[in-house]
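Trainee: The structure is given below, and queries will be raised subsequently.
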Amino acid sequence: EKAYWLGFIAADGCIFERKDNASVKLNIHERDELHLEKLRTFLKGNMPIKHIIQNDGFSNNTPMVRIDFNSVEMVEDFKKHGVPPRKSLILKPPLINEQFYLPYILGYFDGDGSIFETGNEFGINIEGTKEILEWINSLLHISSSLEQRKVSDKNNYYIRCGGLKKSYSIMKQLYDSCTTHLDRKYEKFLKLQSRLSQ
């Protein structure tokens, strides 16, 4: 479970360091508020979950929920395991035991991945740096190549695969590795599983 949350925050969190303070911040869409409650429970915390409207980045008046962990110790732990401040374009594979790779990837997928449906076809997509995606691809064989999202984005790529059987096989590996998951995406996996059993 620790590896899962490390991966999720590697994808969707922010690490801040200041002269006399450090914190981990996590903003996600308000429809996934329960997921922040899972994280807060896991960490045995009582910090508030704040409702905000986000207008920067890719968001436009998007209702979000945010949780902040003010902890120098936590920030140092994240850095030790490969999640640095300002990580968006420099994130590399985690510094963890290989037995925890799949739960980490599931957490990362829940933050920066998607299961998509086009007609009768399902597929999966994951975004990130070239380094993290090459590592994920080497373990899961999602795609034969990485694609750059935009030429102007120096280290912003995605990997994608389609097909019911391949998508299901990849996601089943991940869901079998850890009981913690983002419910909304897990429901899509169950739909994929149901489609295969018909």
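Trainee: Can you compute the charge dipole magnitude of the chain about its Cα centre, using +1 on each Lys and Arg Cβ and -1 on each Asp and Glu Cβ, nothing else charged? Give it in debye, rounded to the nearest 20.
Mentor: Charge dipole, the chain, about its Cα centre: 180 debye, nearest 20.
Trainee: Another question about this same structure. Between beta-carbons, use under 9 Å as the cut-off and find the net charge around Pro63, counting Lys and Arg +1, Asp and Glu -1.
Mentor: 0
Trainee: Using a probe of 1.4 angstrom, how much of the accessible area of segment 24-114 is carbon and sulfur, in percent?
Mentor: The C+S portion of the solvent-accessible surface of segment 24-114 is 51 percent.
Trainee: At a threshold of 8 angstrom on Cα-Cα distance, excluding pairs fewer than six apart, so keeping six or more, what relative contact order does the chain reach in percent?
Mentor: Result for the chain is 22 percent.
Trainee: To continue, here is another question. Running a GNM on the chain with Cα contacts under 10 Å, which residue among Phe42, Phe122, Phe78 ends up with the highest mean-square fluctuation?
Mentor: Highest fluctuation of the listed residues: Phe42.
Trainee: Ok, one more. Could you let me know the centre-to-centre spacing of segment 154-198 and segment 16-62, using Cα atoms, in angstrom?
Mentor: Comparing the Cα centres of segment 154-198 and segment 16-62, I get a distance of 25 Å.
Trainee: Another one. Helix-only mean residue ellipticity at 222 nm, the chain, DSSP H runs n ≥ 4 weighted -39,500 (n - 2.57), per residue, nearest 500. What is it?
Mentor: Only helices count here, giving -13000 deg cm²/dmol.
Trainee: Reachable lysines from Lys166, Cα under 21 Å, same-chain residues fewer than 8 places away excluded?
Mentor: Partners within reach: Lys185, Lys188, Lys191.
Trainee: Give the ranking of Phe8, Phe16 by solvent-accessible surface, highest area first, calculated with a 1.4 Å probe.
Mentor: Descending order: Phe16, Phe8.
Trainee: Write down the accessible area per residue of segment 118-198 in Å², having rolled a 1.4 Å probe over the full set of protein chains.
Mentor: 55
Trainee: Same structure again: Report which label in [x] -0.34, -1.52; [y] -0.48, -1.30; [z] -0.32, -1.23 holds the value of log10 I(q)/I(0) by the Debye sum over Cα atoms at q = 0.09, 0.19 Å⁻¹ derived from the coordinates of this structure.
Mentor: Only one listed value fits the structure, namely [x].
Trainee: How far is helix 130-140 tilted off the main Cα axis of the chain, in degrees rounded to 10, range 0 to 90?
Mentor: Tilt relative to the chain: about 50 degrees.
Trainee: For Lys166, Lys38, Lys80, write out the residues from largest to smallest accessible area, computed with a 1.4 angstrom probe and no ligands counted.
Mentor: Sorted descending by solvent-accessible area, the residues read Lys80, Lys166, Lys38.
The values are calculated or read from the model by the stated rules, or taken from the named source; none is laboratory data. Remember, predicted model here, so these are calculated numbers, not experimental data. Every residue, glycine among them, receives a Cβ derived from its backbone with ideal geometry; neighbour counts consider all protein chains shown. In case anyone asks, the SASA skips ligands and DNA or RNA and just uses the protein heavy atoms, side chains included. Shrake-Rupley method; radii C 1.70, N 1.55, O 1.52, S 1.80 Å.
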